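This report concerns only the one structure given below.
The values are calculated or read from the model by the stated rules, or taken from the named source; none is laboratory data. Predicted model, so just to flag it, every value in this text is computed and none were measured. Here Cβ is always computed from backbone atoms with ideal geometry, including for glycine, and neighbour counts include all displayed protein chains.
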Amino acid sequence: MAKDEKKTKKKDESKDKSQKSGGGVNKLLVIIIALLVLIIIGGAGAFFLLFQAPSDEEIAKELEKEKEPPQEVVAPTDEEKIGVIVELKPFIVNLEDPKARHFLKATISLEVKDDAAKDQVEKFKPKIRNDILLLLSSKTLDDVITIEGKVRLKDEIMSRVGRILGPGKLKNVYFSQFVVQ
């Protein structure tokens, strides 16, 4: 008889556990369904807000913009026209930094006024490269890491190359590659 009582107690305990776990599954199922409903409602709302048809007022404004006459295109003046571009070989230099060894690799292009100025750049290329190398190697990491430092460096290069070529021949200096390590 004691065995029968133990068996019935075990059956009752297992029923209680199954009812409790069944209740947990039901709660989980309700939560999942509620989340899915919320996601569907949110997605539908976002769809209607993002992809609604434009109102009549918006269409009328767009049509008015299209009716406006196009603005005049102004031809660039002689100073604004792009000159002749002369690309220099990449410069790789050690930066002047007592704390650590840093390297700078820069590829520079020069914009000159015309073909005569380009010929002059080709003629003085060793002197131009020498001046730029000396300038770059005199800089520290702090000098060249910021945008302001790069702009200052560009101005210094323009000044040095401008002195070599003469006034009015150099229009601009461009960095096509600038890597600091």
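Cβ-Cβ contacts under 7 Å between residues 6 or more apart (or on different chains), taken from a first residue in the stretch 112-129 that is surrounded by 12 or more Cβ atoms within 10 Å (Cβ to Cβ) to a second residue that is assigned to a loop (DSSP other than H, G, I, E, B) and of a type in the set (A, V, I, L, M, F, W, C), are listed as 129/88.
Residue count for the stretch 163-181 satisfying the condition of being surrounded by fewer than 15 Cβ atoms within 10 Å (Cβ to Cβ) and assigned to a helix (DSSP H, G or I): 1.
Screening the candidates 141, 153, 134 for the property of being exposed (fewer than 13 other Cβ atoms within 10 Å of the Cβ) and over 22 Å from residue 81 (Cα atoms) yields one hit, 134. Taking each residue of the stretch 80-107 that is under 16 Å from residue 121 (Cβ atoms) and looking for partners that are in a loop (DSSP other than H, G, I, E, B) with beta-carbon atoms closer than 6 Å, six or more apart or interchain, yields 83/113; 107/90.
Take the residues in the stretch 101-138 that are among the small types (Gly, Ala, Ser) and part of a helix (DSSP H, G or I); name whichever of them is farthest from residue 166 (Cα to Cα).
Here the answer is 137.
Of all the criteria given as (1) modelled with pLDDT under 90; (2) of a type outside the set (A, V, I, L, M, F, W, C); (3) surrounded by 11 or more Cβ atoms within 10 Å (Cβ to Cβ), the one not satisfied by residue 87 is (1). From the list 152, 101, the lone residue that is charged (D, E, K, R) and at pLDDT 90 or above is 152. In the stretch 163-174, of all residues being of a type outside the set (A, V, I, L, M, F, W, C) and at pLDDT 90 or above, the one that is nearest to the chain's Cα centre (by Cα) corresponds to 174.
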